[in-house]
Amino acid sequence: KPCPLCDEAKEVLEPYKRRFILQEVDITLPENSAWCDKYRYDIPVFHLNGKFLMKHQVDIQKFEDQLTKLELQND
């Protein structure tokens, strides 16, 4: 379904798309009910490398810091 908050977050993350893989999860699908139960009122939610990072909106400074940290660990 349309999600303006998710669309806005994707726009903010667009300049970084070459540095990470964005995996979208539709929490309205039955197979994602655990995510729906956990985050129903907190979308969008962001995990980076399998760990919770932020919710509601993109904190670009936090995102950049954590992404750079991961990149440095992988070099």
Measure nothing fancy, just the Cα-based angle from helix 60-74's long axis to the longest principal axis of the chain, in degrees from 0 to 90, nearest 10. 60 degrees
Give me the extension gain from ASP26 to LEU48: residue separation times 0.36 nm, minus the current Cα-Cα distance, reported in nm with one decimal. 6.2 nm
Degrees, to the nearest 10: 4-13 long Cα axis against longest axis of the chain: 10 degrees
Simple label model, 7 Å out from Cα along Cβ direction - VAL12 to ASP75, nm: 2.6 nm
Give, rounded to the nearest 20 debye, the magnitude of the charge dipole that region 4-74 has about its Cα centre when Lys and Arg contribute +1 at Cβ and Asp and Glu contribute -1 at Cβ. 260 debye
Output the lone cysteines of the chain: those with no second cysteine's C-beta under 4.7 Å from their C-beta. CYS36
Of the accessible area of the chain, with the probe set at 1.4 angstrom, what percent is carbon plus sulfur? 51 percent
Residues of the chain: accessible area per residue with a 1.4 Å probe, Å²: 81 Å²
Report the number of Lys pairs in the chain whose alpha-carbons are under 25 Å apart, with separation of 8 or more residues or on distinct chains. 19
Do you know the relative contact order of region 4-74, to the nearest whole percent, from alpha carbon pairs under 8 angstrom that are 6+ apart? 28 percent
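The values are calculated or read from the model by the stated rules, or taken from the named source; none is laboratory data. Everything quoted here is computed from the prediction, not taken from an experiment. Neighbour counts are summed over all protein chains in view; Cβ atoms, including those assigned to glycine, are modelled from backbone coordinates with ideal geometry. SASA here: full protein model, heavy atoms, side chains in, ligands and nucleic acids out. Shrake-Rupley method; radii C 1.70, N 1.55, O 1.52, S 1.80 Å.
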